[in-house]
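The values are calculated or read from the model by the stated rules, or taken from the named source; none is laboratory data. Nothing here was measured: the structure is a model prediction, and the numbers come from that model. Please note: Cβ atoms are built from the backbone with ideal geometry, for glycine as well, and neighbour counts cover all protein chains shown. Just so you know, the surface numbers come from the protein's heavy atoms only, side chains and all, with ligands and any DNA or RNA stripped out. Shrake-Rupley method; radii C 1.70, N 1.55, O 1.52, S 1.80 Å.
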Amino acid sequence: MHVHLWILVILPLAGTLITFIIPGTPLPPLHTGEQGAMAGVVIFCFMTGVSWFAYRTAHSDFAASHGLFVVGPYSPPPPPAEPVTLLPDRAREPVLPGVEAEFQKSKLALNGLDLATKIFASVQEGIIITDASGAICSTNPAFRSMSGYADEELLGHNMRIMKSGRHSPEFYERLWHALHHHGQWQGNIWNRRKNGEVYPQWSTINCIRGEDGTIRYFVGILSDLTLVQESEEQLKFLAHFDPLTELPNRILFKDRLHQAMTQCRRTDQLLGVLWLGVDRFRQVNEAENRAVGDVVLKAIGARLKQALREGDTVARTGGDEFAILATNILEVQHLTHVAQKVLSALGQNIKVGDQSLRLTASIGITIFPMDETDTEGLLKHAETAMRQVKSRGGNGYQFFTRQMGEIAMRRWSIEQGLQTALDRQEFFLHYQPQFCVESGRIIGVEALVRWRSPQFGLVAPDQFVALAEENGLIVPLGEWILREACQQNVRWQEQGLAPIKMAVNISPRQFMHDNLEQVVAQALRDTGLDPRWLELEITEGLFLNDQKRVRSVLTKWRQQNLHISIDDFGTGYSSLSYLSNLPIHSLKIDRSFIRDVAKNPESATITRSILSLAKNLNLTVVAEGVANEEQMEFLRDLGCDKVQGYLFSPPIPAEDVTAFLTHARMGPLVQALTMAPYVECRPARERSQATQASMLLN
Ligand code: C2E
Ligand code: MG
Ligand code: MG
């Protein structure tokens, strides 16, 4: 277009110049008329060219940019839009020509504006724009929500309305200096919300300058740090405190203990660490629900705090265990008082909803600097002493002794050894025969686990069953015992021996495990044992647990023809009310009563009562631990149904039981035994039971 324009102008101009202005141009000779016509054409062309040029240029960018021939109102089109860098290169090439291009550009600009508005309104960060004097021009909703002010309460007001007063004048000096010299400031500012609350904000402030370089606006982008700060504080709290009781945790306790020890070294005073374990807490937790357990722990924490002096520290060190740091102790005797005070504080009933629980505790005590000189050692020894109290039945306190340390060490080693014993097949079973008092025949055996440890030799179950119960190993171990015992009973039956009941002990933890019913069913299925030849021994402690579940499991077992007995009866929970309601078959009187039955009137009374109670409830009674004839006589007179004890046989290997079963066909063993003189009858544990049985029967 421009090329044509210039040709139209230049050609006539050149013609005119050649014709009129430059004299003596060697033009071909023309007539006057011809010369006039020629000049007319040239002038016409010239004028046309000039006017067209004027018109076109008046509407061109050129005119606009050079201030030429502006005709009518003219606003320059926006500069060509920057190509969108994310598009491929061909998209950057000049866009559509003409109106379409203009339209596209405006649309893009509008879209951009719309987007910016939306971002301004929706970002989580607060945005505030002020003019150079600090008067607020605009804020976004996030800013209004964090400051608590409405739009109209902010617009036109100075930023100062939000000042917290927490910063020094030097702080603001540094801020303004950075803004004026570097155009930006970043940092943490404490501001005040409308409700007066002071809160921290992470702020980035930028200057917007005018063309002349002076500051026109300040734009602040602010994030509320309250939540961050709260969660930091929460984290700090969690790192040092127990969230349930809000007492210090083990970490903080150790820290305080360390400080107290340093102090003691300077003052030559003593300090005591009391390690407290709540007795039978697990049963409370399982019998009720965790929420009840939580209430109990909170109440215990509060009572401990109340019972102790201000300067003492009470911590929850985990689960149902607490630690107490008693400082400024002048005599060891003082620690006894502390322990007694704590025990009596815990002895009061704890109300949970409409029920009230009474709990006891076991306390182990160590003294610094007598027992140990480092924090870990002190804590470990106090815990060992506490375990000692627990093993004696709980509800008491005990100072740590060196000997205890050795016991604890062995206990720890046994626990370690137990972890691998199952995989290494170090467990095996012995079986203790049970006899019918009336017929004198063997009617069953009780499977009792033994551990042959490469490190400790033969280990009795009372040394490891409780540990396995604590660390959960009893679940897989119990499963193995059950299967092995069922298998052995099937083997005897396959040998054509008289079928007998196989009694297997089920520990409380094993019973409460979800898969117990499945494990029993699977063992019966896999071994093919008829359920009526399997007896499961449970303990009274189980009835402290979820009674509904216990009842439902027992009912199912009874329906499947399994035999259920209560072991060690008379030593545990001993609530007689459950006996009439539960689907059980027999009671096993604990051997501690049988042991003293002939010497101790109390034991005799208890045994008599159990026997009469069982008769009324239509339950059979097994007396365990029958070790002499006197006891046997006593039990026979009272009508005891079955007996089990060293008088007849200790627990023996499966092969030795075979001899009993073989002889069972020949005659009643119990009668033979009771007719024989006591000294002869007492079985030597080491002697083969087969030999013994035949000797007694002959
Ligand atoms: P328990 O179930 O009451 O087993 C009877 C215990 O009394 C056995 O001790 C047995 O050897 C002992 N005993 C039997 N007759 C006499 C006697 O005349 N005099 C004396 N002094 N003791 C007698 P053992 O085998 O040492 O087992 C102790 C406890 O360990 C068992 O008491 C039981 O609670 C637990 N236990 C043993 N085996 C298993 C098992 O396979 N599973 C589970 N969960 N616990 C087991
Ligand atoms: Mg038993
Ligand atoms: Mg028992």
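No other residue among 503, 466 is within 13 Å of ligand 1 (Cβ to nearest atom), aliphatic (A, V, I, L, M) and open to solvent by 50 Å² or more (accessible area, probe 1.4 Å) apart from 466. Only residues that are of a type outside the set (A, V, I, L, M), more than 25 Å from residue 270 (Cβ to Cβ) and touching a Leu at 6+ places or on another chain (Cβ under 8 Å): list them for the range 371-429, please. Answer for the range 371-429, where residues must be of a type outside the set (A, V, I, L, M), more than 25 Å from residue 270 (Cβ to Cβ) and touching a Leu at 6+ places or on another chain (Cβ under 8 Å): 395, 411, 415, 419, 427. Check 559, 510, 518, 495 and return the single one that is away from ligand 3 (no atom under 16 Å from the Cβ), polar (S, T, N, Q) and in contact (Cβ under 8 Å) with a residue 24 or more places away in the chain. One residue alone meets the criteria, 495. Please verify whether the range 350-359 includes one or more residues that are of a type outside the set (Phe, Trp, Tyr) and touching a Ser or Thr at 6+ places or on another chain (Cβ under 9 Å). Yes: the range 350-359 contains one or more residues that are of a type outside the set (Phe, Trp, Tyr) and touching a Ser or Thr at 6+ places or on another chain (Cβ under 9 Å). Within the range 144-164, the set of residues being touching a Lys or Arg at 6+ places or on another chain (Cβ under 9 Å) and open to solvent by 60 Å² or more (accessible area, probe 1.4 Å) comprises 153, 161, 163. Residues that are within 16 Å of ligand 3 (Cβ to nearest atom) and of a type outside the set (Val, Ile, Thr) number at least 3 in the following helices (runs of 4 or more DSSP H) confined to the range 574-648: 591-595.
From the list 406, 426, 415, the one residue that fits, being surrounded by fewer than 19 Cβ atoms within 10 Å (Cβ to Cβ) and over 27 Å from residue 505 (Cβ atoms), is 406. For residue 479, the conditions (1) under 37 Å from the mean Cα position of the chain (by Cα); (2) within 16 Å of ligand 2 (Cβ to nearest atom); (3) buried (at least 16 other Cβ atoms within 10 Å of the Cβ); (4) of a type in the set (Asp, Glu) are fulfilled apart from (2). Residues in the range 382-398 that are over 18 Å from residue 347 (Cβ atoms) and surrounded by 22 or more Cβ atoms within 10 Å (Cβ to Cβ): 382, 384, 385.
Scanning the range 651-679 for residues that are modelled with pLDDT under 95 and not in a helix (DSSP H, G or I) yields 665, 666, 667, 668, 676, 677.
Within the range 553-567, is even one residue more than 38 Å from the chain's Cα centre (by Cα), assigned to a strand (DSSP E or B) and among the β-branched types (Val, Ile, Thr)? No, the range 553-567 contains no residue that is more than 38 Å from the chain's Cα centre (by Cα), assigned to a strand (DSSP E or B) and among the β-branched types (Val, Ile, Thr).
Let's see how each residue does on (1) assigned to a helix (DSSP H, G or I); (2) in the same structural domain as residue 215 (by TED's automatic domain parsing); (3) in contact (Cβ under 8 Å) with a residue 40 or more places away in the chain; (4) in contact with a Leu (Cβ under 6 Å, 6 or more places away or on another chain):
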| position | (1), (2), (3), (4) |
| --- | --- |
| 102 | yes, no, no, no |
| 106 | yes, no, no, no |
| 109 | yes, no, no, no |
| 113 | yes, no, no, no |
| 130 | no, yes, yes, no |
| 133 | no, yes, no, no |
| 146 | yes, yes, yes, no |
| 152 | yes, yes, no, no |
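Screening the range 324-381 for strands (runs of 3 or more DSSP E) wholly inside it with 1 or more residues that are open to solvent by 20 Å² or more (accessible area, probe 1.4 Å) returns the ranges 350-352, 355-357.
Looking at this structure, is residue 542 assigned by TED's automatic domain parsing to the domain that holds residue 588, over 25 Å from residue 582 (Cα atoms) and either within 11 Å of ligand 1 (Cβ to nearest atom) or open to solvent by less than 60 Å² (accessible area, probe 1.4 Å) (or both)? Taking the combined requirement at face value, the residue does not satisfy it. For the range 125-170, a residue qualifies if it is more than 18 Å from residue 224 (Cα to Cα), charged (D, E, K, R) and modelled with pLDDT of 90 or more, and the qualifying residues are 131, 151, 152, 153. Checked across the range 433-450, the condition of being open to solvent by 30 Å² or more (accessible area, probe 1.4 Å) and closer than 30 Å to residue 383 by Cα holds for at least one residue. Residues that are touching a residue at least 12 places away in the same chain (Cβ under 8 Å) and among the hydroxyl-bearing types (Ser, Thr, Tyr) within the range 154-190 comprise just one, 164. Which is assigned by TED's automatic domain parsing to the domain that holds residue 469, open to solvent by less than 40 Å² (accessible area, probe 1.4 Å) and modelled with pLDDT of 90 or more, of 536, 579? So the residue among 536, 579 that is assigned by TED's automatic domain parsing to the domain that holds residue 469, open to solvent by less than 40 Å² (accessible area, probe 1.4 Å) and modelled with pLDDT of 90 or more is 536.
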